[in-house]
1. Which of the residues that make up region 106-118 are crowded, with 17+ Cβ neighbours inside 10 Å and touching a Ser or Thr at 6+ places or on another chain (Cβ under 6 Å)?
2. Taking region 6-17, which residues are open to solvent by 40 Å² or more (accessible area, probe 1.4 Å) and at pLDDT 95 or above?
3. For S81, indicate whether it is of a type in the set (S, T, Y), out of contact with any Phe, Trp or Tyr (no Cβ under 7 Å at 6 or more places or on another chain), surrounded by fewer than 22 Cβ atoms within 10 Å (Cβ to Cβ) and within 27 Å of Q142 (Cα to Cα).
4. Whether any residue in region 104-114 is modelled with pLDDT of 95 or more and farther than 24 Å from R140 by Cα is what I want to check.
5. From the list S141, S121, which one is among the polar types (S, T, N, Q), surrounded by 21 or more Cβ atoms within 10 Å (Cβ to Cβ), modelled with pLDDT of 95 or more and in contact with a Lys or Arg (Cβ under 8 Å, 6 or more places away or on another chain)?
6. Which of the residues that make up region 34-55 are among the small types (G, A, S), modelled with pLDDT of 95 or more and surrounded by fewer than 14 Cβ atoms within 10 Å (Cβ to Cβ)?
Amino acid sequence: MPPDPSADGASLHWRALERLYASAPINGTFRSVLTIEREGAATIRFDVDESMFHAAGAAHGTIYFKMLDDAAFYAANTLISDRFLLTTSFNMQFLRPIKGGPVRAEGHWISGRRRVLVAESRLLDEEGEEVGRATGTFMRSQIPLSGLPGYRAGGAGGGESGK
C-alpha cells in the first residue's frame, strides 16, 4: 500500500501555513479561508459584502490587494519551509468591479527558490470571471516559521502571527 500523501513533510508544512493564515488577526476583519493542495499553489475563498464597498458600490481596492497578495505569498511560501516570506514588490491590475458574493483568489509560484521568489495571483468572481490579477516578489525574512504560534506543525493553531 502506498504511503499516505497527507502525512508527508510538504503536506504538514501546507497545513501549518493554513493554520498560520487563519491565526492572523487581520483575517478577523477580512474573513477568508486559505487552502493549499500542492506545492506552488494557494487558494483563498471569501465573500464580499456591502461593508467592503467604496462610495460607488463595489469592493474597495483593499480587498483586491489583500487577497491577491495573500494568495501569491502563500503559493510562494509553500516552497520555503523554514522562513516567513516578506512581500518586496507587488503589481496589480483591476479588471472589473466586484459587486459582492463569493470570490476566489488563486496564487501560483512562477520562479525563484533561494532568496527571491516570484508568484502570480488572480481573483475570480462567482461566475469564474477574472476581476483582478497581480504579480509579486517575495524574499525570505529572518523570522523562522517554527517560531510563529499559528504555524507550529501539528499544533492546534491560534496565536497572533500570520500574513
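The values are calculated or read from the model by the stated rules, or taken from the named source; none is laboratory data. Here the structure is a predicted model, which is why all the values come from computation and not from measurement. When we count neighbours, we look across all protein chains shown, and the Cβ atoms used for this are built from the backbone with ideal geometry, even at glycine. With ligands, DNA and RNA removed, areas are computed over all heavy atoms of the protein, side chains included. Shrake-Rupley method; radii C 1.70, N 1.55, O 1.52, S 1.80 Å.
1. E106, G107
2. Answer for region 6-17, where residues must be open to solvent by 40 Å² or more (accessible area, probe 1.4 Å) and at pLDDT 95 or above: just R15.
3. yes
4. Looking for residues that are modelled with pLDDT of 95 or more and farther than 24 Å from R140 by Cα, one finds at least one in region 104-114, hence yes.
5. Answer to the selection: S121.
6. Within region 34-55, just A55 meets the criteria.
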